[in-house]
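Novice: Let me give you the structure first, and then I'll get to my questions.
Quick note: the coordinates plus some simple rules give every number you see, no bench work behind them. Note that the coordinates shown come from a computational prediction; the quantities given were computed from them, not determined experimentally. Cβ coordinates were reconstructed from backbone atoms using ideal geometry, including for glycine residues, and neighbour counts include every protein chain displayed.
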Amino acid sequence: MAHPKRRQSSTRRDKRRTHDKLTPKAVTICPNTGELHLRHKAYVVDGDLYHNGKVAIKDFAPVAAAAPSTDEE
């Protein structure tokens with residue numbers, strides 16, 4: 001296996017790691033509802049699904065919650 005002949009300086013190590021950082025998620029406040037939401041994503045407020053500041057689906061119910069399992073034997 002290869003081993004380094006000389007120790008790499010902390011400056012070279014840190015230069016390599018300059019791009020290894022987390023960036024915060026892009027959040028926005030909706031002008032119509034005042035709700036904080038992720039950019040370019042739909043969000044639910046008071047049972048309505050909003051996207052781009054407009055109501056996309058009124059009385060929105062998630063698909064997973066709409067199908068209760070009734071497996072009784």
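Novice: For region 16-57, which residues satisfy the criterion of being among the β-branched types (Val, Ile, Thr) and in a loop (DSSP other than H, G, I, E, B)? Outline the logic, then answer.
Specialist: Taking region 16-57 as the starting set, the residues that turn out to be among the β-branched types (Val, Ile, Thr) are 18, 23, 27-29, 33, 44-45, 55, 57.
Selection gives Thr23, Thr33.
Novice: Moving on. Looking at region 17-46 only, could you name the residues that are farther than 30 Å from Ala61 by Cα and either among the hydroxyl-bearing types (Ser, Thr, Tyr) or surrounded by 10 or more Cβ atoms within 10 Å (Cβ to Cβ) (or both)?
Specialist: Thr18, Thr23
Novice: Taking region 1-15 only, how many residues are of a type outside the set (Ser, Thr, Tyr) and in a loop (DSSP other than H, G, I, E, B)?
Specialist: Initially, region 1-15 is screened for residues of a type outside the set (Ser, Thr, Tyr), giving 1-8, 12-15.
Those left that are additionally in a loop (DSSP other than H, G, I, E, B): 1-8.
Adding up the residues that qualify gives 8.
Novice: Let me ask something else. List pairs: first residue in region 25-53 and at positive phi, second residue of a type in the set (Asp, Glu) anywhere in the structure, Cβ distance under 8 angstrom, at least six positions apart or on different chains.
Specialist: Gly47/Asp59
Novice: Oh, and also: How many residues are over 16 Å from the mean Cα position of the chain (by Cα) and polar (S, T, N, Q) if we restrict to region 23-41? Please lay out each step first, then the result.
Specialist: Residues of region 23-41 over 16 Å from the mean Cα position of the chain (by Cα): 30-34.
Those left that are additionally polar (S, T, N, Q): 32-33.
Selection size over region 23-41: 2.
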